[in-house]
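Data block below; observations after.
The values are calculated or read from the model by the stated rules, or taken from the named source; none is laboratory data. Note that the structure is a prediction, hence the values are computed from the model and not measured. Please note: Cβ atoms are built from the backbone with ideal geometry, for glycine as well, and neighbour counts cover all protein chains shown.
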């Protein structure tokens, strides 16, 4: 892999755990890593990997995250509207923020937003604080986000009608 390819992605290690397998001869230790990867302009993915040492586990998780990328709709470095996402006992509420607000979000949600290229966001996590579940809940919320063009097509309207209708409420 060339250096140019590595610079395109932002990789964040969310969680590293030591896992043990008990065998007849004793205990075997491995490491499990959970990584969020993104290109900083709307592509996101996550991956989990195991290895004999931390660096091997992180490398495997990063490779899997880059294989599972999906697109997220971003408008002017924030999200277009409020969204909720849930996974397991964790749920997340994401709200768009005006330019210059910054990322007001907890650890795991902040990492996902940075990887996606979202710079202005208000987030609140509710329920379990598990990093893995919060990442999956955030990705669930971002996957629900649609562009005005997509919504207009679904409703049989023009983009200007959709945008004008959102300010009336």
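Of the residues that make up region 123-142, is at least one farther than 23 Å from residue 34 by Cα, surrounded by fewer than 17 Cβ atoms within 10 Å (Cβ to Cβ) and in contact with a helix residue (DSSP H, G or I) (Cβ under 9 Å, 6 or more places away or on another chain)? The answer is no; no qualifying residue exists.
Based on what the data block shows, is residue 60 within 12 Å of the chain's Cα centre (by Cα) and in a helix (DSSP H, G or I)? For residue 60, the condition - within 12 Å of the chain's Cα centre (by Cα) and in a helix (DSSP H, G or I) - is not met. Criterion applied to 115, 123 was being closer than 24 Å to residue 9 by Cα, outside any loop (DSSP other than H, G, I, E, B) and more than 10 Å from the chain's Cα centre (by Cα), and the one residue passing it is 123. From the list 66, 95, pick out the single residue that is assigned to a strand (DSSP E or B) and surrounded by 13 or more Cβ atoms within 10 Å (Cβ to Cβ). Every option except 95 fails the conditions.
For region 149-165, the criterion of being in contact with a strand residue (DSSP E or B) (Cβ under 9 Å, 6 or more places away or on another chain) and outside any loop (DSSP other than H, G, I, E, B) is met by no residue.
Taking region 40-66 as the range and being within 27 Å of residue 147 (Cβ to Cβ) and touching a strand residue (DSSP E or B) at 6+ places or on another chain (Cβ under 7 Å) as the test, the residues that pass are 40, 42, 43, 44, 45, 46, 47, 65, 66. In summary, residue 86 fulfils each of the numbered conditions (1) outside any helix (DSSP H, G or I); (2) in contact (Cβ under 8 Å) with a residue 60 or more places away in the chain; (3) under 30 Å from residue 49 (Cα atoms) with the single exception of condition (2). All conditions in (1) assigned by TED's automatic domain parsing to the domain that holds residue 144; (2) buried (at least 18 other Cβ atoms within 10 Å of the Cβ); (3) in contact with a helix residue (DSSP H, G or I) (Cβ under 8 Å, 6 or more places away or on another chain) hold for residue 14, with the sole exception of (1).
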